[in-house]
Amino acid sequence: MELPQKFTERMKYMLGDEYGDFIDAFENTPVYSGIRINSAKAGTKEAILSVLGNLEPVPWCADGFYADKSVISGNHPYHMAGLFYFQEPSAMSAVAGLPIEKGDFVLDLCAAPGGKSTQAGALLNGSGLLVSNEIIKKRAEILSENIERMGLSNTIVTNETPQRLAEKYPEFFDKIIVDAPCSGEGMFRKEPQAIDEWSVEHTMSCGTRQKRILDCAVKMLKRGGYIAYSTCTFAPEENERVVAYLLESYDLELCDTGLDMLDRGKTEWSGSDFDMSKTRRIFPHHQRGEGHFTALLKKRGISEPKIEKKEKPKRADSLQSDAVSLYRKFESDALNTVLNGDFVLFGENLYLKPRGADIDKIKVVRCGLHLGVCKKNRFEPSHALVMALKKEDFKSYINLNHDSSELKSYLLGDIIECGKKGWTAVLTDGFPIGWGKASGGVLKNHFPKSMRLRK
């Protein structure tokens, strides 16, 4: 791997005698990959690991494990059931150091493809609100798919600029994640194209862009709330110096993440007198992970409790009322649970919007939990709905072993034998993985065509 000369010169300056070990790690240690178990769905990690194998824990993430993607693939039934997420181990550190509590309103400002959003969503476990934003539309759609697969029901996926969101949500969020676009130095081993795109000027422009994004994040943060800032680069211009900018510009306090197993940031790299020892770095010659940086900042003060405006409920039009009635009929026939919230109809698609989420006049890709499609006086449940529920929520289900031929047939899109009637959840080892509609002794397959295994 041929690294840019100015990059190596700067790393020699930063690391001194350790530079040789750093380069040796770049060239001779494996590229690290991992999975994060979805604690909101999985129940116990032991049950999942008994199937996936004896995996080594990631030290800085309670639900993270090193895993070989050539051994555990995206076609594994547990992956399709949203029980785990492929995530680079270093990338797990930012949310691991963010004190998310149940009921929090959380924003992931640069969220695609969804690793940190789904990590935060698992901690919220269906409570509060998660807004996952991605400015690039195609990436926002991928983000939405991952939100669905992981069974998150309290999540709005938006496709907006940070500036527009800051106008919409002043001092609104308890916790904000900013995994900022960066020069990607830490990913040189995994993404060689980042080497070709690298320049000193690029790192400087990334630093400027990161500051503008963080300006918006600070505006949206409640007093007493926290920002987790992270990058996958080694450049101080994008790390310590960005943190110094925040401390100089705003009434923020740099906090300890508790991730003591990671390297500390350096004050001398910040261009300021602010103590950077509470920031954290991951170097591949010290930890089993690619290059990463994370910092936790708290907005000083106490937020005034907001007086909720009692808005007159919007009168649902006849189409939405009819759609809700169709859903309630399905719910009564097929489920053991009653879902409550704000129903929203987009075309034929019915959603359950998390309460407290104002989405007026912003671009929304996923408006909460997609319940299903209403057409021709019938309701067809969505894949998102089955993924958001648990075994006990279904009146009718079939449970297939993860390595059974029946489950493989189902994932291929085939019809399978079934003695049930009506909408029936398909489970694998007790975990929902899709829908089918049973009649005449067979189950008509409703597993999404885009997700089916290839024959």
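The values are calculated or read from the model by the stated rules, or taken from the named source; none is laboratory data. Being a predicted model, the structure only gives us computed values, none of them experimental. Cβ placement follows ideal geometry from the backbone for every residue including glycine, while neighbour counts extend to all protein chains displayed. The accessibility values were calculated without ligands, DNA or RNA, using every heavy atom of the protein model including side chains. Shrake-Rupley method; radii C 1.70, N 1.55, O 1.52, S 1.80 Å.
Of interest is the spacing of the C-alpha centroids, which for region 310-384 and region 49-83 amounts to 34 Å.
What the chain shows is 46 Å² of accessible area per residue, with the surface traced by a 1.4 Å probe over protein heavy atoms. The gain in end-to-end length when the residue 127 to residue 56 segment is fully stretched comes to 22.6 nm, 0.36 nm per residue minus the alpha carbon separation. In terms of its C-alpha gyration tensor, region 233-358 has a prolate overall shape, because the principal axis ratio a/c (a ≥ b ≥ c, square roots of the eigenvalues) is not below 1.5 and a/b outweighs b/c.
Less than 5 angstrom separates the built amide H of residue 33 from those of 67, all sequence-distant by 5 or more or on a different chain. For GluC sites (Glu not before Pro), the sites in region 1-95 that DSSP calls loop and that have at most 12 other Cβ atoms within 10 Å are 2.
Measuring from centroid to centroid over Cα atoms, what is the spacing of region 391-416 and region 17-31 in Å? Taking the Cα centre of each part, region 391-416 and region 17-31 sit 46 Å apart. In the chain, the portion of solvent-accessible area held by carbon and sulfur atoms comes to 48 percent [1.4 Å probe, whole percent, DNA, RNA and ligands not counted].
Computed over the chain, the quotient of the alpha carbon radius of gyration and 2.2 N^0.38 Å is 1.04.
Computed on protein heavy atoms with a 1.4 Å probe, the accessible areas place 191, 145 in the order 145, 191, largest first. Heavy-atom accessible area for residue 451, with the other protein chains in place and a 1.4 Å probe, reaches approximately 50 Å². Solvent exposure of residue 286, expressed as accessible area, is near 90 Å², computed with a probe of 1.4 Å over the protein chains only. Per-residue ellipticity at 222 nm, computed for the chain from helices alone with -39500 (n - 2.57) per DSSP H run of at least four residues, works out to -8500 deg cm²/dmol.
Heavy-atom accessible area for residue 317, with the other protein chains in place and a 1.4 Å probe, reaches approximately 90 Å². Cross-link pairs exceeding 19 Å between alpha carbons, from the set 421/455; 408/449; 408/444; 278/299; 168/361; 421/444: 421/455.
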